[in-house]
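Encoded as structure tokens, the structure appears first; notes follow it.
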Amino acid sequence: MFDYAEGRGKENPVKHLKNFQGYLQVDGYAVYDGFGLLPGITMVACWAHTRREVYEAKDYDLPRAEHILHEIGLLYNLERTIKGLSDAERKHRREETAIPILDRLHAYMLREYEAVLPSSPMGKALNYALKRWKKLLTYTQSGELEIDSNLIENSIRPIAVGRKAFLFAGSHEGAQRIAMLYSFMGSCKKNDVEPFAWLKKTLEILPSWPGNRIHELLPNYKPE
């Protein structure tokens with residue numbers, strides 16, 4: 001589901017997540033920090049964003065960056081080997097292999113953070129990881145979870161490309177309509193429905209369709 005808000009404040013996420021309980025995986029945007037304090041919500045941080053912070057410090061501190069990136073690479077190597085396994089097996093393999101790597105990496109980061117300037121690129125990268133460390137470990141608690149948020153990042157990439165192509169949406173109302181269309185098209189993809197076929201068929205039958213059965217036209221069916 002895609003939604004549009006006029007700003008980047010916490011009001012919109014709070015509205016959507018007011019009744020949510022479960023795992024919530026986010027990037028490092030500060031607006032999300034407060035959700036981890038709410039009952040029933042467990043925060044999951046993203047290792048891809050953490051790795052990016054370290055990678056961007058590579059030109060300023062190559063030895064430390066290479067060491068950390070190597071350790072993170074081992075975590076991702078494991079993820080490739082357990083892809084497709086059951087949730088229980090994924091959790092077991094992470095406990096067996098990933099947690100020792102994470103413990104070793106955490107000790108290294110704590111030690112090296114004391115040796116660098118906090119305001120340096122590496123200092124900022126280490127601080128980014130260390131203050132989110134508990135959330136960075138959460139993915140090992142369940143085989144349902146992913147190590148990063150790349151799945152959602154990839155799914156919203158067309159929005160960023162489109163925004164550049166049509167120079168945003170013309171108005172706030174136009175942006176909300178675009179969000180609705182993205183939601184419908186995304187639902188089609190999740191349900192293996194060809195988006196154009198769904199849209200064409202729906203628009204053809206919508207004028208005569210009973211209002212109390214409108215939910216049947218949502219993109220969870222495959223039009224003939």
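The values are calculated or read from the model by the stated rules, or taken from the named source; none is laboratory data. Everything quoted here is computed from the prediction, not taken from an experiment. Here the Cβ is made from the backbone with ideal geometry for all residues, glycine too, and neighbour counts use every protein chain on show.
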Practice problem: Report, by residue number, each residue of the range 111-120 that is in a helix (DSSP H, G or I) and in contact with a helix residue (DSSP H, G or I) (Cβ under 7 Å, 6 or more places away or on another chain). | Solution: Glu112, Tyr113
Quiz item: So which of Asn154, Asn127 is free of Cβ contacts under 8 Å to residues at least 60 places away in the same chain, exposed (fewer than 11 other Cβ atoms within 10 Å of the Cβ) and under 22 Å from the mean Cα position of the chain (by Cα)?
Solution: Asn154
Quiz prompt | Selected residue [within 15 Å of Asp148 (Cβ to Cβ), free of Cβ contacts under 8 Å to residues at least 24 places away in the same chain and in the same structural domain as Leu126 (by TED's automatic domain parsing)] from Arg90, Arg94, Arg80 | solution = Arg80
Exercise. Inspect all residues belonging to the range 106-124 and state whether any of them is under 21 Å from the mean Cα position of the chain (by Cα) and surrounded by fewer than 19 Cβ atoms within 10 Å (Cβ to Cβ).
Key: no
Quiz prompt | Enumeration of residues in the range 32-61 that are touching a helix residue (DSSP H, G or I) at 6+ places or on another chain (Cβ under 6 Å), within 28 Å of Ser119 (Cβ to Cβ) and not small (Gly, Ala, Ser) | solution = Met43, Thr50, Arg51, Glu53, Val54, Lys58, Tyr60, Asp61
Quiz prompt | Filtered residues of the range 105-150 (kept if within 24 Å of Val26 (Cα to Cα) and either modelled with pLDDT under 95 or among the basic types (Lys, Arg) (or both)) | solution = Lys124, Lys131, Arg132, Lys134, Lys135, Ser149, Asn150
Quiz item: With Arg8, Arg51 as the choices, which residue is at pLDDT 85 or above, out of contact with any Lys or Arg (no Cβ under 7 Å at 6 or more places or on another chain) and among the basic types (Lys, Arg)?
Solution: Arg51
